[in-house]
Amino acid sequence: MRNQQLLQCLLIVSTFLFPFNSQGQLQKIPSMDVSQGFKAVEDEALKHSIAYPLLKMLTDEIGPRLTGSPSDSMAQQWALQEMRSIGLSNVHGEEWQLERGWRRGYARAQLVIPFHLDLAVASYGWSGSTPNGGAEADVVLVDSTSLEFEALEHSASWTGKILLLTPKDPEHFNLFKSMSELPAFLAAAASAHAIAIINGDPRPGILLPHTGPIGLPFHRTDLVVLDMASEQRDLITRTLRLGKAGRVKIEVQNEFTPGTIPSRNIVGEIPGSDYPEQVVVLGAHLDSWDLGTGAVDDGFGVAAVLGSAKAILSAGVKPKRTIRFILFTGEEQGLLGSHAYLKQHQAEVHNFVCAVVLDWGSGPITRFPLAGHDEFATPMQELFRSSKALASVTTSPGYLTFTDAYSFTLAGIPGIAPLQDSPNYTMVGHSAADTLDKVNESTLNQDTAMMASMAIWIADYPIRIGSVWSPEQTSQSLQEQRRSLQLLGLWPF
């Protein structure tokens, strides 16, 4: 049961792995001898990496980087400065607008019936506050397998209550369906004058609440929406299912900005020598949630991307195709920054070879899902055979959704999100445990070397590998996921 719930929760943390078949046969691609340039880049990344010092600066000096916050702006300025210091070309920020900014205040809760117990809680992003002085209310269970039905049948009884969302039958819980119904459910709960929502996040924790979005795409609510440590959530659920009363006191204060607020994607390049118009993207997301310092999600990726840029430049390698390094913002609110970037660069889409985006924890890279673009399989397997560091890495035809790579996939561009062996990712991500001590420096350096190697290999390949699919081809490739994407309002075709 818990394993099934954990698999579903990966959507929120950043990802689901789905297989699908590509549109046609593999191209016949000429083999490529390993160049001295490739070896120099790998050696530079492993022996003289700047990735870990950069990660330490980002997490221990700037700290949490909630999209639209002052720390978000500080991180953007830091990234601009580091890209220029590394020596990248065309370093700049590309602005996009967030519908509304939000700032976390505090959240306190205590079980008062059947006994007194301090509760570990955290607000979901872009959720509201209690009146000054807080509120105390009875808790009622709401079946999260059918929020639409619950709102229609039971909302009249929600006045003055705290609603605890939990599946009556966990075997039939569908996270996509629950998330798609959540915004309308919250509106019904607010109209019924419910006091607050305790959402049933399936991620594990040792008295560790998580945070996250209240719906995809981006949503906000004036209603209090909390996550609670799973052990305490289960305790209250057992109490109520035995027919006993449960009563909780809460006090929550958050703050919304009065209007739209700007954020920026940060971009730098190494121009291509032969085909500068063809672009290989290396990316990560600069923003984080604000309970921890975002070392794992996704400071690790940010450091690897910047470290890759430094390794390529320090090795003196001049790629044939342009390598563009992008640090997106707004990923945690629903891939907002990467969607905005592709909208701004729509005229350039046909020139994107691929986008390799690292956002799967802090473990070693083990696999490259190719987003259905099997034309990458042979070239990448050649790369793996050429390096001892990459000898155990594989490819697969699937893809990781709900990372910024997925924005490129939806646009028909090969969006490749490397899969990492990060067993604690779901527990650490979006929580106070997401801190620098969870990152192993050696692993970061190895992953940085893989990202740098991947970028230069694709950029220097004898022919262009990736093809950009039409909307019709992309739609066909995503048919297995169509229903889930439609439920979330994310089906673009």
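Just so you know, all these numbers are worked out from the coordinates, no wet-lab data involved. Source: prediction; values computed, not measured. Don't worry about glycine lacking a Cβ; one is built from the backbone with ideal geometry, like all the others, and counts go over all protein chains shown.
Excluding same-chain pairs closer than 8 in sequence, count the lysine pairs in the range 104-253 whose Cα atoms lie under 23 Å apart. Numbers along the way, then the final one.
Working: Lys161/Lys244; Lys161/Lys249; Lys168/Lys177; Lys168/Lys244.
Taking the range 104-253 as the scope, the lysine pair count is 4.
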Yeah, the range 125-179 with a ≥ b ≥ c from its alpha-carbon gyration tensor (a/c under 1.5 is rounded, else prolate when a/b outruns b/c, oblate otherwise) is prolate
Burial order of peptide ranges 41-49, 366-374, 471-479, 322-330 (average beta-carbon count within 10 Å, highest first): 322-330, 366-374, 41-49, 471-479
In whole angstrom, how long is each semi-axis of the equivalent ellipsoid of the range 104-253, when you take the square root of 5 times every eigenvalue of its Cα gyration tensor and sort them from largest down? 20, 18, 16
Tell me which lysines have Cα within less than 28 Å of Lys320's Cα, excluding those fewer than 8 residues away on the same chain? Lys28, Lys39, Lys47, Lys310, Lys343, Lys388
Using the Cα gyration tensor of the range 169-216, with a ≥ b ≥ c the square roots of its eigenvalues, what is the shape: rounded (a/c below 1.5), prolate (a/b larger than b/c) or oblate (neither)? oblate
Using a cut-off of 13 Å between beta-carbons, work out the net charge of the residues near Arg100 (Lys and Arg +1, Asp and Glu -1, Arg100 not included). -1
So what's the range 52-164 giving for Cα Rg divided by 2.2 N^0.38 Å, two decimals? 1.62
Selected from Leu46, Gly272, Thr322, residue furthest toward positive end of dipole (the chain; charges at beta carbon): Leu46
Sorted by chain and number, the residues with a modelled amide H under 5 Å from that of Ser396, at a separation of 5 or more or across chains, are Phe368, Leu370
Quick one: Karplus J couplings for the range 351-367, per residue in order, coefficients 6.51, -1.76, 1.60, θ = phi - 60°, nearest Hz, x for Gly and Pro? 8, 7, 6, 5, 10, 9, 10, 9, 6, 9, x, 10, x, x, 5, 10, 7
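Convert 25 °C to kelvin, take the viscosity as 0.890 mPa s, use the Kirkwood radius over C-alpha pairs of the chain as Rh, and evaluate the Stokes-Einstein diffusion coefficient in µm²/s, rounded to a whole number.
Working: Rh = 23.2 Å.
It comes out at roughly 106 µm²/s.
Would you mind counting up the charge near Ala432? Only other residues with Cβ under 14 Å from its Cβ, with Lys and Arg at +1 and Asp and Glu at -1. Before the final figure, lay out each step's value.
On the way: positive: Arg104, Arg203, Lys438; negative: Asp227, Asp290, Asp297, Asp434, Asp437.
My count for the surroundings of Ala432 gives -2.
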Collect residues whose amide H, placed 1.01 Å from N in the peptide plane, falls under 5 Å from the amide H of Leu286; neighbours closer than 5 in sequence don't count. Phe328, Thr329
Using only Cα atoms, locate the centre of the range 193-215 and the centre of the range 321-374, then give the distance between them in Å, rounded to an integer. 28
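From largest to smallest, what semi-axes in whole angstrom does the range 410-493 give when each is the square root of 5 times an eigenvalue of its alpha carbon gyration tensor?
On the way: eigenvalues 185, 119, 13 Å².
Gyration-tensor ellipsoid for the range 410-493: 30, 24, 8 Å.
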Directionally averaged shadow of the range 73-134, computed from the convex hull of its alpha-carbon atoms, nm²: 7.2
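With only Lys, Arg, Asp and Glu charged, each at its Cβ (+1 for the first two, -1 for the last two), find how big the charge dipole of the chain is about the Cα centre; round to the nearest 20 debye.
240
Helix by helix, which DSSP H runs in the chain go 20 Å or more along their axis at the Cα atoms and have an average Kyte-Doolittle hydropathy of 0.5 or more? Intermediate values should be presented prior to the final figure.
Numbers: long enough: 70-86 (24 Å, -0.66); 175-191 (24 Å, 0.97); 300-314 (21 Å, 1.61); 441-459 (27 Å, 0.41).
Long hydrophobic helices here: 175-191, 300-314.
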Using Cβ contacts closer than 10 Å as the measure, can you line up Glu61, Glu82 from fewest to most? Glu61, Glu82
Amide H partners (placed H, <5 Å) of Ser273, local residues excluded: Lys320, Arg321
For the range 76-170, which chymotrypsin sites (Phe, Trp or Tyr not before Pro) pass both filters: DSSP loop (anything but H, G, I, E, B) and at most 14 other C-beta atoms within 10 Å? Phe115
Residue-count net charge about Asp201 - beta-carbon cut-off 9 Å; Lys, Arg +1, Asp, Glu -1: +1
